[in-house]
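Encoded as structure tokens, the structure appears first; notes follow it.
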Amino acid sequence: DTDEGKFRVVISKNGKTLFHNDILIKRTSDYIGKLNAVLFKPNDLELFSQSPKDRRRLLDIEIGKVSPEYLKALLRYNSLLKDKNKILKELEIDEMLLDLLEETMVPQIQIIEEKRREFFEHINRHLSSIYHDLSSSDTPIEASYRPCSKEGQIREDMKKSRERDLYYHYTTYGPHHEDYSFRMGDKDLEAIASQGQKRMVLIAFKFALISYIQESSGKMPVILLDDVLSELDQDNRQRLLDHLPEGAQTIITDTDIKDIHLNREYKLIHLKEEHNG
């Protein structure tokens, strides 16, 4: 139970079923944004090395949490993209139909790119200062977004891509090809940063994400620290805990609590493994 009502997820062999105030949610998209959370976990470092598709998925989830307009545009764009790719695979191409589809795609792309730009502008307003607070390093950190078009050039770039689309029989232009990366100073983070530096950049990114959700929705997300403290040294661990926003509902899991110092009220739950036989 939360201030937003009662949330319930039922997981079975047939999949998962979602409920809000005991009312069945038929579409997952209708559930997104009702209760926002930011998760810190040990394998977050995969963000730097995973595929652009996986990075976009994270982006879409986080923006979709706070912007129904973005989620609607993204779902509409993906539906139109599927229709366009189907036409491009036909032996005889109906280019008039392609023109119509692309014109319908333009406003969806405009919304997607606008919201993605706003996301990265917010992240970059906070990322370096949070990284400094967590690591005591003055090195500037930036999340670098690479949109498929400059502002105002979507139609022009889409028309330019038509020949490639017809040659490859799929859509070669659009926000489904976009990517982003992180920079440390003037260099690519993945190329120069140590594992420890990458971890602190990821944590700073998650804290910037908390700020983005709070500012965009007016609500503080639930914060989940899933065994992330064991990956940090004592100083960085304490800096992370000290940076947790006041008043945020925070759930921390850890296997060793002796070096955890929280300067606020908390409830401690011990889970013990049971051995049968």
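Read the figures in this text as sums done on the coordinates, not as results from a lab. These numbers were taken from a predicted model, which means no experiment stands behind them. Virtual Cβ from ideal backbone geometry, glycine too; neighbours counted across all protein chains shown.
On a full-extension model of 0.36 nm per residue, what is the gain between R76 and L166, subtracting their alpha-carbon distance, rounded to one decimal in nm?
Roughly 30.2 nm would be gained on extension.
Near the amide H of I252, under 5 Å away, which other amide H atoms are found, from residues 5 or more places off or on another chain, if H is placed in the peptide plane?
L225
If you build a Gaussian network model of the chain, linking Cα atoms that sit under 10 Å apart, which residue out of D235, D54, D226 swings the most?
D235
Give K65/K115; K219/K267; K84/K159; K41/K267; K84/K160; K41/K206 a once-over and call out the pairs whose C-alpha atoms are over 18 Å from each other.
Details: K65/K115 12 Å; K219/K267 23 Å; K84/K159 14 Å; K41/K267 21 Å; K84/K160 16 Å; K41/K206 10 Å.
Long pairs (Cα-Cα over 18 Å): K219/K267; K41/K267.
Which order do peptides 265-273, 39-47 fall in by mean Cβ count within 10 Å, highest first?
Highest-to-lowest ranking by the protection proxy: 39-47, 265-273.
In a GNM of the chain with a 10 Å cut-off on Cα contacts, which of A191, A143, A73 has the highest mean-square fluctuation?
It is A191.
Compute the Kirkwood hydrodynamic radius of the chain, taking the inverse of the mean of 1/r over all pairs of distinct Cα atoms, and give it in Å to one decimal.
After inverting the pairwise mean of 1/r, the radius is 21.4 Å.
For the chain, with a Gaussian network of springs between Cα atoms less than 10 Å apart, report the residue from G185, G64, G174 with the top mean-square fluctuation.
Fluctuation is largest for G185.
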